[in-house]
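Q: Could you have a look at this structure, given as C-alpha cells, before my questions?
Derivation of every value follows stated rules applied to the coordinates shown; laboratory data play no part. Please read all numbers here as calculations on a predicted model, not as lab measurements. Reconstructed Cβ throughout: ideal geometry from the backbone, glycine too, with neighbour counts over all protein chains shown.
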Ligand code: FES
C-alpha cells in the first residue's frame, strides 16, 4: 500500500486555474508521470471534486488541498498526508478520458 494517494482534479475549473502546472510540478518532484505509482506514491488525475469555487483542487489520501499553488504544493502534500486517510468516491481520470472530453460541446 502506498503512503500517498495523490489526485489532481482535471475538471474544467481546475484546468483553467492551473491544475496542469501543479501536476507537472508533482511529476518533476516525484519522478512519476500521471497515472504511475511506486511503493510510496500513486499519482493520477481525478474528476471534479466539487470544490470548483476554491480551485485548483488536489486530494491526498482523500483529504483536500484547496487553491493549490505550484510553489507550495509539495509542502502541502506532505502536511496533508499526515491527516487520517478518508474514503472517497471521486473517480480517477485517465489522460485518454481527459483528451476525449470535448468540453466545448457541453456549452
Ligand atoms: S473542476 Fe476541480 S473541483 Fe471542480
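Q: Would you mind calculating the relative contact order of the stretch 4-102 from Cα pairs under 8 angstrom and at least 6 residues apart, reporting the percent as a whole number?
A: Here the relative contact order equals 32 percent.
Q: Given the rule -39500 (n - 2.57) for each run of at least 4 DSSP H residues, summed and divided by the residues of the chain, what is its mean residue ellipticity at 222 nm, to the nearest 500 deg cm²/dmol?
A: So the helix-based figure for the chain works out to -7500 deg cm²/dmol.
Q: In the chain, what % of DSSP beta bridges are antiparallel (nearest 5)?
A: Of the beta bridges lying entirely in the chain, close to 60 percent run antiparallel.
Q: Sort 52-60, 38-46, 76-84 for me by packing, meaning the mean count of neighbouring Cβ atoms within 10 Å per residue, highest on top.
A: Details: 52-60: 21.1, 38-46: 17.1, 76-84: 13.7.
Averaged packing, sorted descending, gives the order 52-60, 38-46, 76-84.
Q: Next up: Sticking to Cα atoms, compute the Rg of the stretch 1-69 to one decimal and its Dmax as the biggest Cα-Cα distance, whole number, in Å.
A: Cα radius of gyration and Dmax of the stretch 1-69 are 11.1, 33 Å respectively.
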